[in-house]
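The values are calculated or read from the model by the stated rules, or taken from the named source; none is laboratory data. Predicted model, so just to flag it, every value in this text is computed and none were measured. Reconstructed Cβ throughout: ideal geometry from the backbone, glycine too, with neighbour counts over all protein chains shown. Just the protein is used for accessible areas: all its heavy atoms, side chains included, with ligands, DNA and RNA removed. Shrake-Rupley method; radii C 1.70, N 1.55, O 1.52, S 1.80 Å.
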Amino acid sequence: MESSLPAGWTMDESELEVLGRAGVSGMKKYLPIMLDVEGRRVVIVGGGAVAARKAGPLLEAGAELVVISPSLSGTLAAMADEGRLQWISRPYAPGDLQGAVLVYAASDNRAVNEAVAAEARQLGLPVNVASHAEAGTFITPGVLRRGRLTVAVSTSGAGPSAAADITQQIAGLLGEEYEPYLDFLHELRTAIKQLEPAAENRSRLLRRLGKLDVLNELRQGTFIPWTAEEIEAWVARNREI
């Protein structure tokens, strides 16, 4: 069953699995993290639609992606032709996970997925298993990106419709204005760190930065980007107030 998600959201099929086998008291509790995979080897075993859904966010995050499968879907084949991923054109074999930091068992063969998961566990690698999520060590949530902002929602298998409703609500609250807003905050934060050597003053400036009404100005279309001179002048005015 597929869910209708807001633009910019992705829902992993792992969310469709019921992970808490023993009711609320036995519900799995996952640790949310933001993992840096840029330039690091990530292996997907499988070449179909499920593997393609996994590949997109990984490539967006800059992973060095390796796909192991005798054949590829049209989407993955195009990615391979463009040089965006490495395709190993054969079935999975033991030893294929060496050097990886993250593993996805996304083939249409449950036994293959279980073998991949077993090797990943032996190597101490996090593994996501598409065919039966409980065999893996992590699931992937729905994700919304607004530039520097990343929001993830997981229902721990409670159901795709509930997750879709929640993501619709959050997407309505977090509009496109958050991308330039966070770029502005990042620019000022960087300038503060460069211009103010005193830790106490830096802390004061960073607190004042959070009180600027830039977000509302962006929503109203009245915000004018600050020049480097205006940023320096703001730091000077607020340094010791």
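What the table below lists for this structure:
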item: Residue-wise HN-Hα coupling along segment 60-70, computed from phi with Karplus coefficients 6.51, -1.76, 1.60 (Hz; x: Gly, Pro); result: 4, 7, x, 5, 8, 8, 10, 10, 10, 5, x
item: Pair His132, Asn216: separation of 7 Å Cα→Cβ label points (nm); result: 5.5 nm
item: Square roots of five times the Cα gyration tensor eigenvalues for segment 105-241, Å; result: 44, 20, 11
item: Solvent-accessible area, 1.4 Å probe, carbon plus sulfur percent, for segment 37-111; result: 49 percent
item: Local electrostatic count, Ala191, Cβ distance below 15 Å [Lys/Arg +1, Asp/Glu -1]; result: +1
item: Heavy-atom surface of the chain, accessible at 1.4 Å and reported per residue (Å²); result: 55 Å²
item: For the chain, calculated [θ]222 nm from helices alone, where every DSSP H run of n ≥ 4 adds -39500 (n - 2.57); result: -12000 deg cm²/dmol
item: Of all accessible heavy-atom area on segment 123-212, the percent that carbon and sulfur account for (1.4 Å); result: 52 percent
item: Relative intensity, log₁₀ I(q)/I(0), of the chain from a Debye sum that treats every alpha carbon as a point, q = 0.10, 0.17, 0.18 Å⁻¹; result: -0.63, -1.17, -1.26
item: Estimated dipole of segment 32-110 in Debye, rounded to 20 [Cβ of Lys and Arg +1, of Asp and Glu -1, Cα centre]; result: 220 debye
